[in-house]
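The structure appears below as structure tokens.
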Amino acid sequence: MKKSERLNQMLRFINQKQHFTLQDLMQEFQISKRTALRDIASLEELGAPLYTEYGRYGGYRLLNQMQLPPISFTSQEIYALYFALQALHSFSTLPFQIFFRSIHEKFINALSDNQRQEIERMQNRVSFRHTEQIKDSTHLEILLLAAVQNIVLKITYQHTHKKSTRHIHPIAIYAMKGYWYCQAYDMDKKVYRVFRCDRMTSVERTEIQPLKELKDITIQNAHSLWKPSEKAVPFKCLMSQTGIERFQQEHYPSMKLVREMENTYMVGTYEPDELNFMIKYLASYGKSIKIIEPIILKQYLRQFYRDLLDHI
């Protein structure tokens, strides 16, 4: 990173923190103590009103917030933003009613002529291929805000053959294979569940108090809430390297990879009413997986292949 760019980012960093130490700068910008001291001197030359505090809890304090210069982007950052925008192209619905076309037009119009020409040349050299969104999800905004603000929602959920009313505490939303999903805690059944957002026919806020222990749960650690029922069936499958890569592309909270001796296994549980889902999921692995237990799961998978052959 060039010094001028680093100083620009450093101004924003200290303007937000107000109080900081040399160690803060060294860690944030991956620089040496000597460089950090030189940068502080440069910031003071630029007019940053810094005050040195001595003692055990000393450091530097910004006397008052500064008027920061406009944000500018390097060519590499512009390209990175363009690549990120392409990820929106395949979604017909997004939180906050964001539409790809309007964002894309504003982004392109904000570029210089040279930058616009570079982006146009890039469009002719790179192909972005995504899974198209299969069904619209009209409640993404309220689900995301409920997750951020810890609000319990009342939803009407469309199952295959019936509807049900649930009270859920959303944790996070994510997109996978053409669908939007909501990770949430089911307040009625007291279990962690993942819901298809497009199957929510109505969503409304409630005054129900959220669980305090869910306040700090994130999309990264939400799976720790998963608990199988008493009727859940344990399974174990031997995985090839191809199977491991397939697992990394798509797996669910009730399953994980474990290493035993020189072999890798997928282990987990499935609920009795999830049997058809499990059979289709395991079938997607082809020869890259071998069912170890339960034996009945292997028999069901064999029957699935027989039915498939009879259908051809």
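The values are calculated or read from the model by the stated rules, or taken from the named source; none is laboratory data. Since we're looking at a predicted model, the values are computed, not measured. Heads up, the Cβs are rebuilt from the backbone with ideal geometry, glycines too, and the neighbour counts pull from every protein chain shown. Just the protein is used for accessible areas: all its heavy atoms, side chains included, with ligands, DNA and RNA removed. Shrake-Rupley method; radii C 1.70, N 1.55, O 1.52, S 1.80 Å.
A few comments on the model shown:
- With the Kirkwood sum run over all distinct C-alpha pairs, segment 238-312 has a hydrodynamic radius of 13.1 Å.
- When the charge dipole of the chain is built from unit charges on Cβ atoms (+1 for Lys and Arg, -1 for Asp and Glu) and taken about the Cα centre, the candidate among Tyr192, Ala48, Gln65 whose Cα reaches farthest toward its positive end is Tyr192.
- In the chain, the portion of solvent-accessible area held by carbon and sulfur atoms comes to 51 percent [1.4 Å probe, whole percent, DNA, RNA and ligands not counted].
- Largest accessible area first, the listed residues Ile312, Ile208 line up as Ile312, Ile208 when surface is computed with a 1.4 Å probe on the assembled protein chains.
- A straight line joining the Cα centroids of segment 179-252 and segment 102-149 runs 27 Å.
- For the chain, a simple Cβ point-charge model (Lys and Arg +1, Asp and Glu -1, everything else neutral) yields a dipole of about 460 debye relative to the Cα centre.
- The C-alpha radius of gyration of segment 1-59, expressed as a fraction of 2.2 N^0.38 Å, stands at 1.04.
- Isotropic mean projected area of the C-alpha convex hull, the chain (nm²): 25.0 nm²
- For the chain, the solvent-accessible area with a 1.4 angstrom probe is 65 square angstrom per residue.
- Exposed trypsin sites (Lys or Arg not before Pro) absent: longest stretch of the chain, with sites in DSSP loops and at most 12 other Cβ within 10 Å deemed exposed: 232-312
- Span from the segment 258-281 Cα centroid across to the segment 1-36 one, whole angstrom: 48 Å
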